[in-house]
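Laboratory data are not the source of any read-out in this text; all were calculated from the coordinates shown. Treat the numbers as computed from the prediction; the structure is a model and nothing was measured. Here the Cβ is made from the backbone with ideal geometry for all residues, glycine too, and neighbour counts use every protein chain on show.
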């Protein structure tokens with residue numbers, strides 16, 4: 001059974017940093033692209049970033065480019081999102097999600113989400 | 001960037017009704033489209049990928065169609081557990097984008 005468990009969310013001041021983690025199990029981690037999607041309170045879904053199965057290709061939304069970094073650790077089967085220079089508009093639930101297969105970017109398994117609140 | 005426009009933004013329907021949701025891409029995306037269902041307080045779930053392929057485990061009352069710029073999600077006979085918000089998402093190129101969502105409410 002595929003499991004994705006996010007952690008690392010919390011309250012942070014504007015300008016601060018957080019690192020989100022997504023522990024993956026139940027599938028061959030290196031065979032699937034992974035994606036972060038966020039959802040601001042009461043709003044729709046927003047794609048944030050994706051990384052290919054081999055980690056060679058990363059992509060970012062313009063709203064986070066230069067501030068967020070996606071990465072993955074194959075020894076720990078864990079996906080990360082390093083978030084720097086956080087802004088109030090980054091406040092959201094952050095979900096990690098797995099591809100149906102590497103490179104499709106259809107998201108067939110999702111974590112439960114972790115809440116990031118950026119506020120002073 | 002490709003923009004995804006969903007309509008309607010909300011729909012009121014009764015159990016047993018046929019419900020249709022549309023999604024329009026700002027440029028052609030072939031069949032690189034997915035549909036998701038999200039219930040309150042839960043993560044989204046994949047219903048349809050490749051515009052018309054039913055994800056494993058999803059009831060057959062859900063179907064998807066379309067290609068190019070115009071796509072449709074149809075629920076043939078609405079069930080009580082189907083009341084939720086539905087999103088389309090293109091997977092044609094980066095940046096990926098989602099539609100604004102369609103909330104299906106009880107009439």
**Asked** Quick one: A:60, B:87, fewest Cβ neighbours within 10 Å first, how do they rank?
**Response** A:60, B:87
**Request:** Can you figure out the FRET efficiency of residue B:39 with residue A:62, using R₀ = 25 Å and their beta-carbon distance, to the nearest 0.05?
**Result:** 0.25
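So if each residue of separation counts as 0.36 nm, and I subtract the Cα-Cα distance between residue A:40 and residue A:25, what length gain in nm does that give? Could you put the intermediate results ahead of the total?
Working: separation 15, 0.36 × 15 = 5.40 nm, distance 2.67 nm.
Net length gain for the segment: 2.7 nm.
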**Fill in**
Over the Cα atoms of chain A the radius of gyration and the largest Cα-Cα distance (Dmax), both in Å, equal 13.4, 40
**Complete:** Rounded to one decimal in nm, the spacing of the 7 Å Cα→Cβ label points at residue B:74 and residue B:15 is 2.4
**Fill in**
A chain fully extended from residue A:115 to residue A:74 at 0.36 nm per residue, minus the present Cα-Cα distance, gains in nm 12.3 nm
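Could you line up A:37, A:116 from fewest to most neighbouring Cβ atoms inside 10 Å? The partial results should precede the final answer.
On the way: A:37 27, A:116 21.
Fewest-to-most ranking of A:37, A:116: A:116, A:37.
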**Item:** residue A:104-residue B:105 FRET efficiency (beta carbon distance; Förster radius 35 Å; 0.05 resolution)
**Value:** 0.65
**Request:** Over all alpha-carbon pairs of the stretch A:53-94, lay out the pair-distance distribution in 5 Å bins, whole %, shortest bin first.
**Result:** 5, 18, 30, 22, 14, 9, 2
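Please give the FRET efficiency for residue A:85 paired with residue A:54, using the beta carbon to beta carbon distance and R0 = 30 Å, rounded to the nearest 0.05. Kindly include the intermediate steps, with their values, before the conclusion.
On the way: r = 28 Å, r/R0 = 0.94.
So, using R0 = 30 Å, E works out to roughly 0.60.
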**Item:** Contact order normalised by residue count of chain A, Cα under 8 Å, 6+ apart, percent
**Value:** 36
**Message:** Please list, short to long, the whole-number percent of alpha-carbon pairs of the protein assembly as shown in consecutive 5 angstrom bins beginning at zero.
**Reply:** 1, 7, 15, 19, 19, 16, 12, 7, 3, 1, 0
**Request:** Using every pair of alpha-carbon atoms in chain B, split the distances into 10 Å bins beginning at 0 and state the percent of pairs per bin, rounded to integers.
**Result:** 16, 52, 28, 4
**Message:** Counting C-alpha atoms alone, how compact is the stretch A:1-67: give Rg to one decimal and Dmax as a whole number, in angstrom.
**Reply:** 13.5, 38
**Message:** Cut-off is 10 Å between beta-carbons; in what order do B:36, A:105 appear when sorted fewest neighbours first?
**Reply:** A:105, B:36
